[in-house]
Amino acid sequence: MRFILALLLFSPLLAMADPGIPALTLTTNEDGGQSYSLTLQILALMTVLTLLPAALLMMTSFTRIIIVLAILRQAMGVQSTPSNQILIGLALFLTIFIMHPVFGSAYENGVRPYLDGDMEATEAIQAVSGPFHDFMIAQTRESDIELFAEIGGYEALESAEDVPFSLLLPAFVTSELKTAFQIGFLIFVPFLIIDLVVASVLMAMGMMMLSPMIISLPFKLMLFVLIDGWALLMGTLASSFYI
């Protein structure tokens with residue numbers, strides 16, 4: 001995991017570093033033809049690009065945010081509004097806002113000293129991984145860590161600093177899923193009550209052929225607007241990571 005962090009954070013430095021191995025090698029064959037070959041440096045860079053989405057999903061606040069937003073859209077009964085692109089963009093920028101202290105600490109403690117030549121690569125990787133480790137530990141339940149430690153056969157861990165990334169990552173994702181569904185349940189309940197009330201009124205009036213969703217949707221939208229739902233939801237999600 002620390003190797004992944006190192007690739008993610010130091011891959012932009014590949015272009016700045018003195019290339020000991022050329023990125024593109026030109027070979028002249030015996031028949032006079034020429035062939036080109038890429039080095040492992042380019043292969044490592046392409047591997048980093050494929051790991052970026054997984055790192056974003058699994059090591060930041062993105063998972064909790066996007067699940068809560070999706071549950072909110074389902075509870076309101078608007079299947080395609082906001083669209084998936086808007087929800088993902090909103091979750092992405094809110095993730096950047098929440099993770100800004102972590103990114104800033106990783107840069108100041110690891111990346112900048114490495115760029116200035118004051119720190120070796122191994123020390124920089126250790127310094128960069130520290131803020132991510134602290135963030136993930138703070139959001140992970142002890143029961144989830146114990147569960148995966150038992151499954152993986154890890155020895156007894158004396159403190160949170162002793163939890164390796166290989167154990168912390170699945171425990172963190174599991175905790176984020178639990179928290180997201182808990183928040184989603186609390187969001188879903190008021191809208192469900194509106195649907196039940198509207199359905200009961202329509203049945204009492206004998207209007208069984210009319211879909212309750214058509215009538216309840218304006219009331220749910222009005223409720224969400226009156227309580228300033230977007231600001232309340234965004235503020236609650238952001239503050240949930242620092243309580």
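Here are some notes:
- With a Förster radius of 22 Å applied to the C-beta separation of residue 83 and residue 214, the computed FRET efficiency comes to 0.55.
- Paramagnetic label reach from residue 199 (point 7 Å along Cα→Cβ; backbone nitrogen cut-off under 15 Å): within the range 60-80, residues 75-77.
- Descending semi-axes in Å of the range 123-243, equivalent ellipsoid built from Cα gyration tensor: 45, 18, 9
- Applying both filters, DSSP loop and at most 16 other Cβ atoms within 10 Å, to the chymotrypsin sites (Phe, Trp or Tyr not before Pro) of the range 89-166 gives 154.
- Ellipsoid equivalent to the range 121-174 - semi-axes via the Cα gyration tensor, in Å: 20, 12, 9
No value in this document is a laboratory result; all are computed from the given coordinates. Worth saying up front: this structure is predicted, and the values here are computed from it rather than measured. So basically every Cβ, Gly included, is an ideal-geometry build from the backbone, and we count neighbours across all protein chains shown.
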